[in-house]
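Structure first, commentary second.
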Amino acid sequence: MAFLEVADIKTYYGNIQALKGVSLTVEEGECVTLIGSNGAGKSTTLRSISGLTPPRTGSIKLAGEEISLLPPQEIVGLGICQSPEGRKCFQRMTVRENLELGAYLRRDTSGISADLNRIFELFPRLDERQSQKAGTMSGGEQQMLAIGRALMGKPKVLLLDEPSMGISPVLTERIYETIEQINKDGMTILLVEQNANFALDVSNRAYVLETGKVSLSDSSENLRTNPEVQKAYLGT
Ligand code: ATP
């Protein structure tokens, strides 16, 4: 039994079928990447897992427990936290307030403050800018904040949607170094990326999604050297 087990999910937006039977697994402590081009269904897969757009059929289990019928707040409560694509921080609140909000379901005050310090260690930029309004931070800084906020929920599984979206290669590299560190510290991660270079570097395994279906799955190392993948997703 895998820690997170997605089996044959079909997800719709009204009449539009975005996922046509997606299955994947993530083991405890693994970092798994989902790659695919625009509209392949990567974000929808994450939204299905976090309950924001629940699947119409199929099953999603966390540690053996069916979660696909639960509302999103209960799924967060069970330990699945998503860092959304793009700038989804609370713009008028400060960096620190955004991070504290990430811990709103927790009651372990000392754990919260230890995690806050850990996030400032991982992202020194956030430490320097604790009292800056999130809306005035750069795209990359807001991406760090979104990841930090998801971590403040003390997740069992961290879902990351395109952490490199709209940010410079240098900052992307820094964010990926941090993702690798977070995974080394024991966090289970499911990562979505269109630009697969960095993502395949930090992950153990990966799935390729094409028009709502998994077309390939293998170790990240094998996918890196697969000519089809190189041509379509690695820009080589
Ligand atoms: P991208 O890399 O461009 O974000 P993606 O792989 O994450 O793409 P999804 O956002 O999951 O793709 O979209 C999958 C399909 O579902 C697409 O055809 C998209 O047009 C459709 N879709 C996504 N969100 C909605 C929505 N709110 N209403 C209708 N259709 C949607």
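The values are calculated or read from the model by the stated rules, or taken from the named source; none is laboratory data. Treat the numbers as computed from the prediction; the structure is a model and nothing was measured. All Cβ positions, glycine included, derive from the backbone under ideal geometry; neighbour counts span all protein chains shown.
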**Fill in**
Subset of segment 184-206, residues assigned to a strand (DSSP E or B) and more than 15 Å from the ligand (Cβ to nearest atom), comes to 188, 189, 205
**Request:** Mind listing whichever residues of segment 77-87 are more than 16 Å from the ligand (Cβ to nearest atom), surrounded by 15 or more Cβ atoms within 10 Å (Cβ to Cβ) and of a type outside the set (A, V, I, L, M)?
**Result:** 79, 81
**Request:** Collect the residues in segment 133-162 that are touching a Leu at 6+ places or on another chain (Cβ under 9 Å), surrounded by fewer than 18 Cβ atoms within 10 Å (Cβ to Cβ) and over 16 Å from residue 76 (Cβ atoms), keeping them in residue-number order.
**Result:** 138, 139
**Out of 18, 63, 2, sole residue that is near the ligand (Cβ under 9 Å from one of its atoms) and not polar (S, T, N, Q)** = 18
**Fill in**
Restricting segment 168-199 to residues that are of a type in the set (S, T, N, Q) and in contact with a Lys or Arg (Cβ under 8 Å, 6 or more places away or on another chain), the one surrounded by the most Cβ atoms within 10 Å (Cβ to Cβ) turns out to be 188
**Item:** Count of residues meeting criterion [at pLDDT 90 or above and either closer than 18 Å to residue 101 by Cβ or under 20 Å from the mean Cα position of the chain (by Cα) (or both)] in segment 128-140
**Value:** 9
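Conditions (1) of a type outside the set (Lys, Arg); (2) within 18 Å of residue 29 (Cβ to Cβ), marked per residue:
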| site | (1), (2) |
| --- | --- |
| 174 | no, no |
| 179 | yes, yes |
| 190 | yes, yes |
| 194 | yes, no |
| 205 | no, yes |
| 212 | yes, no |
| 217 | yes, no |
**Asked** Residue check, residue 165 against (1) buried (at least 24 other Cβ atoms within 10 Å of the Cβ); (2) within 16 Å of the ligand (Cβ to nearest atom), all met but one. Which one?
**Response** (1)
**Complete:** Exactly one of 100, 28, 74 is under 23 Å from residue 147 (Cβ atoms), in contact (Cβ under 8 Å) with a residue 40 or more places away in the chain, in a helix (DSSP H, G or I) and away from the ligand (no atom under 13 Å from the Cβ), and that residue is 100
**Request:** Being touching an Asp or Glu at 6+ places or on another chain (Cβ under 9 Å), among the small types (Gly, Ala, Ser) and modelled with pLDDT under 90 is the filter here, so list the residues in segment 154-192 that pass it.
**Result:** 164
**Message:** Return the residues of segment 40-54 that are in contact (Cβ under 8 Å) with a residue 40 or more places away in the chain and more than 6 Å from the ligand (Cβ to nearest atom); say none if nothing qualifies.
**Reply:** 45, 46, 48, 49, 50, 53, 54
**Message:** Within segment 68-75, does at least one residue satisfy the condition of being under 17 Å from the mean Cα position of the chain (by Cα) and buried (at least 17 other Cβ atoms within 10 Å of the Cβ)?
**Reply:** yes
**Message:** Quick test of your reading of the structure: residue 209 fulfils all but one of (1) in contact (Cβ under 8 Å) with a residue 60 or more places away in the chain; (2) touching a Gly at 6+ places or on another chain (Cβ under 6 Å); (3) not in a strand (DSSP E or B). Name the failing condition by number.
**Reply:** (3)
**Asked** Within segment 119-131, how many residues are out of contact with any Asp or Glu (no Cβ under 8 Å at 6 or more places or on another chain), assigned to a helix (DSSP H, G or I) and touching a residue at least 24 places away in the same chain (Cβ under 8 Å)?
**Response** 2
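Given the structure, is residue 18 surrounded by fewer than 18 Cβ atoms within 10 Å (Cβ to Cβ), out of contact with any Leu (no Cβ under 7 Å at 6 or more places or on another chain) and under 28 Å from residue 201 (Cα atoms)?
When the stated conditions are applied, residue 18 does not pass them.
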